[in-house]
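Notes for the one structure printed next.
The values are calculated or read from the model by the stated rules, or taken from the named source; none is laboratory data. These figures come from a predicted structure and were not determined experimentally. Glycine gets a Cβ as well: all are built from the backbone with ideal geometry, and neighbour counts include every protein chain shown. Heavy atoms of the whole protein, side chains included, go into the accessibility calculation; ligands, DNA and RNA do not. Shrake-Rupley method; radii C 1.70, N 1.55, O 1.52, S 1.80 Å.
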Amino acid sequence: MSAGPPPADGAADAHWLRRTIDLSRNCPPSTTAFSVGAVVVAADGTVLGEGYSRRDSPHDHAEEVALREVDAADPRLGGATLYTSLEPCSARASRPVPCAELVLGTPVPRVVFAWREPELFVDCDGAERLRRAGRQVVERPDLAEGAREANAHLLAGGGR
């Protein structure tokens with residue numbers, strides 16, 4: 001896997017979120033799901049896993065693809081950051097476990113996302129669930145525009 005700056009507030013977080021937005025542009029189009037990219041980055045800046053929505057299956061979410069690439073026993077997960085272009089979902093129609101719960105099933109202590117999920121498909125509270133469970137959650141709305149652009153086909157009615 002590749003490497004980049006160690007996760008940290010500021011420029012490093014922006015670097016990794018830009019990578020998630022680039023990944024989201026690879027998503028097969030859908031009228032019923034967002035195009036999202038995700039990257040799991042170890043504390044030293046090593047990419048442990050990455051993915052995007054619908055990469056391997058029409059029901060894949062980006063976070064689950066990225067987490068699936070990492071051995072659950074990898075000790076680096078305990079210091080890793082999950083970056084995602086969209087807030088981790090808290091409800092899913094396609095699979096029983098939403099992404100916020102998938103993250104909580106790992107020791108990943110920090111989640112950084114660019115765009116809070118608009119109420120287009122579900123009323124999402126993934127960030128709040130993660131915070132309540134003791135995870136550090138960082139929202140970077142200054143980078144949300146790129147995530148919105150990858151989903152312009154869904155936002156004709158306006159998403160926030």
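Taking all protein chains together and a probe of 1.4 Å, list S2, S57, S85 from the most accessible to the least accessible. Walk me through the intermediate numbers first.
On the way: S2 65, S57 25, S85 0 Å².
If we order S2, S57, S85 from most to least accessible, we get S2, S57, S85.
In nm, give the distance between the simple-model label positions of A72 and A133, each being 7 Å from the Cα along the Cα-to-Cβ direction.
Distance between the two pseudo-spin positions: 1.3 nm.
Calculate, in nm to one decimal, what T46 and R95 gain on full extension: separation in residues at 0.36 nm each, minus their alpha carbon distance.
14.7 nm
Which value, in Å² rounded to 10, gives the accessible area of F34 with a 1.4 Å probe and all protein chains present?
20
How do H15, H61 stack up against each other in accessible area, from largest to smallest, with a 1.4 angstrom probe?
Per-residue accessible area, sorted high to low, gives H15, H61.
How long, wide and thick is the chain, going by the Cα atoms along their three principal axes, in whole angstroms, largest first?
The principal-axis extents, from largest down, are 42, 32, 30 Å.
Roughly how big is segment 1-77's charge dipole about its Cα centre, with Cβ charges of +1 (Lys, Arg) and -1 (Asp, Glu), in debye to the nearest 20?
In total the dipole reaches around 280 debye.
Would you calculate a helix-derived [θ] at 222 nm for the chain, using -39,500 (n - 2.57) for each DSSP H run of n ≥ 4 and dividing by the full residue count, to the nearest 500?
-6500 deg cm²/dmol
So, R0 is 35 Å and r is the distance between the beta-carbons of D9 and S57; what FRET efficiency does that work out to, to 0.05?
Values: r = 34 Å, r/R0 = 0.97.
With R0 = 35 Å, the Cβ-Cβ based efficiency is 0.55.
Around A8, which amide H atoms from residues at least 5 apart in sequence, or from another chain, sit under 5 Å from its own amide H, with H modelled in the peptide plane?
Result for A8 returns D13.
Counting Lys and Arg as +1 and Asp and Glu as -1, each charge on the Cβ, what is the dipole of the chain about the Cα centre in debye, to the nearest 20?
The dipole of the chain has a size of about 80 debye.
Nearest 5 percent is fine: what portion of the DSSP beta bridges confined to the chain is antiparallel?
Around 55 percent of the beta bridges assigned by DSSP in the chain are antiparallel ones.
Quick one: pull the percent of accessible area on the chain belonging to carbon and sulfur, 1.4 Å probe, ligands and nucleic acids left out.
Working: 3720 of 7030 Å².
Exposed carbon and sulfur together represent 53 percent of the surface.
I need the phi-derived Karplus couplings for segment 37-48: 6.51 cos²θ - 1.76 cosθ + 1.60, θ = phi - 60°, integer Hz, Gly and Pro marked x.
Couplings: x, 8, 9, 9, 10, 5, 4, 8, x, 6, 6, 8 Hz.
Apply the Karplus parameterisation 6.51 cos²θ - 1.76 cosθ + 1.60, with θ equal to phi minus 60°, to every residue of segment 3-10 and state each ³J(HN,Hα) to the nearest whole Hz, in sequence, with x for glycine and proline.
9, x, x, x, x, 6, 4, x
If you line up the long axis of helix 11-24 against the longest principal axis of the chain, both from Cα atoms, how many degrees apart are they, to the nearest 10?
Long axis of 11-24 versus the principal axis of the chain: about 50 degrees.
Could you pull out every residue, at least 5 positions away or on a different chain, whose amide H is within less than 5 Å of the one on C89? Hs are placed 1.01 Å off N in the peptide plane, and Pro or chain starts have none.
Result for C89 returns C99, A100.
Please compute one quarter of the surface area of the Cα convex hull for segment 29-96 and express it in square nanometres.
So the Cα hull casts an average projection of 4.8 nm².
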